[in-house]
Amino acid sequence: MPNRYAYLGPEGTFTEAAMRDLRPDAPDEARIPCDGVASVFDAVRSGAVDGGVVPLENSVEGGVTATIAELINGEPLLITGQTAVPVEFALFARPGTALEDVKRVATHPHALAQCRGWLAQHLPDADTHTVSSTAAAARTVAEPGAPFDAAICAVFAGERYGLRALAGSVGDRSDAATRFIYLSRPGPLPEPTGADLTSLVAFIADDHPGALIEVLNQFAVRGVNLTRLESRPTGDRLGNYCFCIDAEGHVGEARVGEALMGIRRVCRDVRFLGSYPRSGRTEDLDPPLRPRPTTDADFAEAERWLARIRSGQVD
């Protein structure tokens with residue numbers, strides 16, 4: 001059977017745009033919209049699809065809770081790709097609706113947070129309501145007897161559902177972007193490219209002074225730069241946290257592999273989420289790679305030096 005790919009739907013979401021970046025050769029019928037993030041994970045885990053795309057973090061609002069919760073708690077999946085998509089919002093309504101007619105606005109929670117300033121200035125009396133995605137908001141507004149007057153969504157979503165734009169660029173930040181990840185079932189990792197990220201979740205063994213420093217030092221002493229560090233509750237009890245980490249490099253590189261071994265020694269558990277290329281359609285949205293102070297050859301030489309020391313050969 002041809003490959004199939006799930007994404008956070010319905011049609012017209014920013015996730016669909018990310019899917020087209022990550023799987024540009026996939027025909028439309030191979031792209032399967034799902035009602036929620038959890039449904040995308042379920043489809044990949046069950047084998048109903050070959051891979052899936054979900055949002056991971058937004059440059060304004062931070063991590064996407066539903067995605068992070070599934071990565072931490074569900075049956076393990078691997079991140080094998082990523083892309084970043086610029087996020088620009090517009091206000092769409094049914095034809096014949098004027099801006100002054102808008103009393104109820106629907107959108108996704110992250111979109112709402114990014115448009116509060118515009119709403120306060122232009123629609124101060126409108127009620128706002130959140131739905132599963134910006135495209136779902138557009139689709140709902142387009143339906144007969146819709147409970148909402150307008151949707152904050154992407155331009156392509158509003159146009160896809162036959163709505164008319166009442167205002168463009170309603171986001172409070174013109175440079176907002178969302179990072180999306182491609183999910184696969186466990187299997188061979190992508191080959192190192194020289195410009196990769198490694199993602200993992202570290203579960204601290206016990207709560208004591210310096211526990212997080214012990215984890216971070218495993219990266220620092222090996223010259224591995226971190227691009228993301230986020231604490232999340234484990235769900236066990238109040239006050240128990242794990243740490244979601246993105247690090248520059250690939251697990252196949254000595255520096256990263258040794259850092260992961262060090263973390264595994266000092267943590268109760270470590271969930272490896274994948275090593276994958278940083279690249280995407282909008283590579284300029286990612287922070288630049290920083291120079292690495294050491295190379296794999298340096299690690300190999302240090303290992304040989306230690307072996308000589310242990311065998312009694314002192315240079």
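Here are a few things to note about the model shown:
- Equivalent ellipsoid semi-axes, region 57-134, via Cα gyration tensor eigenvalues times 5, rooted, Å: 32, 13, 12
- Whole-angstrom gap from region 255-276 to region 155-177, using each part's C-alpha centre: 41
- Tensor-based shape of region 184-238 (alpha-carbon gyration tensor, a/c under 1.5 rounded, otherwise prolate or oblate): oblate
- By the Kirkwood approach, averaging reciprocal distances over each pair of separate Cα atoms, the chain gets a hydrodynamic radius of 21.4 Å.
- For region 49-208, the fraction of alpha-carbon pairs lying more than 25 Å apart is 42 percent, rounded to a whole number.
- Tilt relative to the chain, helix 37-46 - C-alpha long axis, 0 to 90 degrees, to 10: 60
- Accessible surface for GLU258 stands near 60 Å², nearest 10, in the context of the full protein assembly shown (1.4 Å probe).
- Carbon plus sulfur fraction of accessible area for region 61-208, probe 1.4 Å, in percent: 50
- Counting only the Cα atoms, region 32-93 fills a convex hull of 116 Å³ per residue.
- 5 angstrom amide H check on TYR7, placed H, neighbours 5+ away: ILE32, CYS34, VAL53
- Protein heavy-atom accessible surface, 1.4 Å probe, per residue over the chain: 48 Å².
- On Cα atoms only, tilt of 254-266 relative to the major axis of the chain in degrees: 90
- Surface accessible to a 1.4 Å probe, ARG20 within the full protein complex, Å²: 90
- The string of couplings for region 218-230 from the Karplus curve (6.51, -1.76, 1.60, θ = phi - 60°) is 4, 7, 4, 6, 9, x, 9, 7, 9, 10, 7, 9, 9 Hz, one whole number per residue in order, with x for Gly and Pro.
- Rh by Kirkwood over Cα pairs, then Stokes-Einstein D for region 192-274 at 1.002 mPa s and 20 °C, µm²/s: 167
- Within-13-Å neighbourhood charge of ARG45 [Cβ basis; K, R +1; D, E -1]: -3
- The stretch between ARG308 and SER59, if pulled fully straight at 0.36 nm per residue, gains 84.8 nm over its current Cα-Cα span.
- Viscosity 1.567 mPa s, temperature 4 °C, Stokes-Einstein D of region 1-127 from Kirkwood C-alpha radius, µm²/s: 79
The values are calculated or read from the model by the stated rules, or taken from the named source; none is laboratory data. Source: prediction; values computed, not measured. Quick reminder, even Gly has a Cβ in these numbers, built from the backbone with ideal geometry, and neighbours come from all protein chains shown. Accessible surface areas use protein heavy atoms only, side chains included; no ligands, DNA or RNA. Shrake-Rupley method; radii C 1.70, N 1.55, O 1.52, S 1.80 Å.
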